[in-house]
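Here is the structure we will look at.
FYI, it's all coordinate maths here, none of it is from the lab. These figures come from a predicted structure and were not determined experimentally. FYI the Cβ positions are ideal-geometry reconstructions off the backbone, even for glycines, and counts take in every protein chain you see.
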Amino acid sequence: MAAQKGRDLLIKIKTDAGSFKTIAGLRAKTLKLNSQSVDVTTSDSTGGWRELLPGAGVRNCEISGTGIFQDASTDTDIREAFFNRTAPEFQIVIPDFGILSGDFLISDLSYGGTYSGEATFDIALKSAGIVIFAVL
């Protein structure tokens, strides 16, 4: 995979109309996939080496982003999902790689700004169910 522009990594939220729209104004985005392992090591494990149980454990996906306000409708969708504690469907588009999609809970939403700068926001999403990967 060749080098990609960071701005091409997109986070999209599903609207009430059933389509996906990009969360506007995100300048920095981070995606983290995690697969916790289950240690089944015993005193009989060969040479005292750790043994892990294949196919077991909990998988999760976390996404975070930082941006500026640009789009009132996207801000409304995010704010409503946070305050209503719903887990809307999101898509994470990774250029030349694929799309991750699933339900995510907004675990953190913060707003900030400086006197001579723009208003900003930080958002963190945590998977709230199965996450599906589709190749682009």
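Write out the chymotrypsin sites (Phe, Trp or Tyr not before Pro) in segment 2-80 meeting two conditions: DSSP loop, and at most 10 other Cβ atoms within 10 Å of their Cβ. Can you show the working numbers first?
Working: sites: PHE20, TRP49, PHE69; in loops: TRP49, PHE69.
When the chymotrypsin sites (Phe, Trp or Tyr not before Pro) of segment 2-80 are filtered for loop state and at most 10 Cβ neighbours within 10 Å, TRP49 remain.
Once every DSSP H run of n ≥ 4 in the chain is given -39500 (n - 2.57) and the sum is divided by its residues, what mean residue ellipticity at 222 nm do you get, rounded to the nearest 500 deg cm²/dmol?
-3000 deg cm²/dmol
If you line up the long axis of helix 72-84 against the longest principal axis of the chain, both from Cα atoms, how many degrees apart are they, to the nearest 10?
50
If the only charges are +1 at each Lys and Arg Cβ and -1 at each Asp and Glu Cβ, what is the size of the charge dipole of segment 6-135 around the Cα centre, to the nearest 20 debye?
On the way: 12 positive and 16 negative charges, 20 e Å.
Dipole magnitude for segment 6-135 comes out near 100 debye.
Hey, can you rank 115-126, 84-95 by average C-beta count inside 10 Å, highest first? Intermediate values should be presented prior to the final figure.
Values: 115-126: 14.2, 84-95: 16.3.
Taking the mean over residues of other Cβ atoms within 10 Å, the ranking is 84-95, 115-126.
Do you know the relative contact order of segment 59-122, to the nearest whole percent, from alpha carbon pairs under 8 angstrom that are 6+ apart? Can you show the working numbers first?
Values: 66 pairs, mean separation 22.6, N = 64.
Averaging sequence separation for qualifying contacts and normalising by length gives 35 percent for segment 59-122.
How high is the relative contact order of segment 1-49, in percent, with contacts defined as C-alpha pairs under 8 Å that are six or more residues apart?
With pairs under 8 Å counted, the relative contact order is 24 percent.
Checking the cross-link filter: which lysines have an alpha carbon closer than 19 Å to that of LYS126, excluding same-chain neighbours under 8 positions apart?
Here the lysines satisfying the reach criterion relative to LYS126 are LYS12, LYS14, LYS21, LYS29, LYS32.
Hey, what's the Cα Rg ratio for segment 1-70 versus the globular rule of thumb, 2.2 N^0.38 Å?
Numbers: Rg = 19.9 Å, N = 70, 2.2 N^0.38 = 11.1 Å.
This ratio for segment 1-70 stands at 1.80.
In segment 1-68, which trypsin sites (Lys or Arg not before Pro) fall in coil by DSSP and have 14 or fewer other Cβ atoms within 10 Å?
Listed in order of number, the matching sites are LYS5, ARG50.
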